[in-house]
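Report on the following structure.
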Amino acid sequence: MKTLKIALSILVIAGSLAACKKDQTLSPIGGNRVSSLQIASSKLLIGKLSRLLEIDGRGFNAVAAKNLVTVNGEKSTVISASTGKLLVSVSRHFRKGSFEVDNTEDSIAPVRGTFDLNADNVQVSTYFDNPEAPNNFTNLKAIALDSLGNIFAVADEFTIVKIGQDLSIQYLSNYQTFRDNKSAYNPVSLIVDPKGGLYVITNYQVFHIESDGTNIRSVAGANLIGSTDGNGSLATFGSIVGSTLGPDGNIYVTDRGKVRMVTPAGDVSTLSTTTLTDLKAITFATDGGLYVANSFSVNKFIPSNGTFQLVAGSLTTGGFQDGDLISSLFRGISSMTSKDSILFIAESLNNRVRALNLSNGTVTTIAGSSTELVTTDGGNPEFGQMPNGYAQGYADGIGSEALFAAPSSLAFGPDQSLYVGENGYNGNKRIRKLVLPIISTGFNQEQLVSFALNGKFLNKLR
């Protein structure tokens, strides 16, 4: 896979290579005279708050305002210009399309090109870092995004914050209620409800809070440890770890090896009849199936009999191995989410983001790499080491160039990017952004989104 290093732009953005087709015709005017404009290549640059199209060629006007550029039919602003390069601001939602360039002073005819996010690479960038107040983010266990792109995050054992699109931080001040309730200690999961509110899930209770931090109420559970089904405070939980919102509007949680369901009205019921050791992550796939994971394996929950069916990995043995479902190995699965026919998996010990393709039965690493640690003393957290895992690190880049520090939570944003919360040692509490190439916004019988073994996304028609 060809690796490209793209320098930071004047807006300090991370770039992701986009393919550009050269214009096939240059309009001849007056015999042998042709347009002075020519397009050589383009790059779509993906930043925290912006998206730019970088166009290389010749014959551009060095005065930005004298270049007329339209992208996907929309007039766009040129923010930087030279005779050989244009930097154009485009919609945050553009991933592919066409553009047209015209020099108002010295061209005979406009030239055209196309762009498309490179189908070979996953671009990893740092979306949020809080170096000015690292003590306020001591336990970044969970993140969730609303439809506007605001991020809700667990900042420590008691604090929930809202990170705006401008990266401003709002502390949900009324969370003091949680501080006074021991059962609300240590939130482990967040879910944005369809109306924009927020479910805060702790080990023993499910709470609901408005997006502005007001009207906190307990939905289910109490300050007791147990496994009793029932409504509201009559229900008890043993130790909730993972949660997900189902297509039916109910919340599904992993609780001491079992799958349990919580309705918006607070009715709690246990769905599984068997127990899966160390059950953690949980998510629904596009096919409607409910998938759960312990540290080493991904399993499908079978609602008809309440049991689990092994899909990938091993129930008892951890490791790192891409390939088919039978031979794949995981270590430290901490979170899962899904899009189309792919389960995206965060591993806190392998320090990678993996993809399990349900369509073609493969597991591949889409981002992250590290050096394996084999320790006899259980590892040294001071140096980012974990027992029988991989070293933590920090680096942005493409695919395996990126380094992670204990990725702990995953969530898709409205821009179709995958956001990763890190809960590593030594201040490694960041939110990273993964721009995924060529993933359809929908999935139907005529479209197959496949995932090659070498980590390249392919989008094919049957």
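The values are calculated or read from the model by the stated rules, or taken from the named source; none is laboratory data. The shown structure was predicted, so the numbers you read here are calculated from the model rather than taken from an experiment. Reconstructed Cβ throughout: ideal geometry from the backbone, glycine too, with neighbour counts over all protein chains shown. Accessible surface areas use protein heavy atoms only, side chains included; no ligands, DNA or RNA. Shrake-Rupley method; radii C 1.70, N 1.55, O 1.52, S 1.80 Å.
For K96 paired with T371, estimate the spin-label separation in nm (one decimal), with each label point 7 Å from Cα along the Cα-to-Cβ line.
The modelled label-to-label distance comes out at 4.0 nm.
In what sequence, largest accessible area first, do R217, R51, R112, R256 appear using a 1.4 Å probe? Please report the intermediate quantities before stating the final value.
Values: R217 100, R51 5, R112 125, R256 160 Å².
The ranking, largest first, comes out as R256, R112, R217, R51.
Around A40, which amide H atoms from residues at least 5 apart in sequence, or from another chain, sit under 5 Å from its own amide H, with H modelled in the peptide plane?
D56, G57, R58
According to the Cα gyration tensor, what semi-axes, each the square root of 5 times an eigenvalue, does the equivalent ellipsoid of segment 190-348 have, listed from largest to smallest in whole Å?
Details: eigenvalues 149, 58, 38 Å².
Taking √(5λ) for each eigenvalue gives 27, 17, 14 Å, largest first.
For the residue pair T138 and I302, what label-to-label distance in nm results when each label sits 7 Å from Cα along the Cα-to-beta-carbon direction?
The modelled label-to-label distance comes out at 4.6 nm.
Hey, rough spin-label estimate for L315 and K66, points 7 angstrom out along Cα→Cβ, what's it come to in nanometres?
Label-label distance for L315 and K66, simple model: 7.4 nm.
State which entries of K75/K433; K43/K66; K85/K433; K96/K195 exceed 23 angstrom in Cα-Cα distance in the structure shown. Walk me through the intermediate numbers first.
Details: K75/K433 28 Å; K43/K66 21 Å; K85/K433 27 Å; K96/K195 31 Å.
In this structure, K75/K433; K85/K433; K96/K195 lie more than 23 Å apart at Cα.
Applying the Karplus parametrisation 6.51 cos²θ - 1.76 cosθ + 1.60 with θ = phi - 60° to the phi angles of segment 148-159, what ³J(HN,Hα) value in whole Hz is obtained for each residue in order, glycine and proline being reported as x?
Computed from phi, the couplings for segment 148-159 are 9, x, 6, 10, 9, 9, 7, 8, 7, 5, 10, 10 Hz.
In whole Hz, what ³J(HN,Hα) sequence does segment 251-263 give by Karplus (6.51, -1.76, 1.60; θ = phi - 60°), x for Gly and Pro?
For segment 251-263, the Karplus curve yields 9, 10, 10, 9, 9, 6, x, 10, 9, 10, 10, 10, 7 Hz.
Mind grabbing the accessible area of F158 for me, 1.4 Å probe, Å², rounded to tens?
Solvent-accessible area, nearest 10 Å²: 60 Å².
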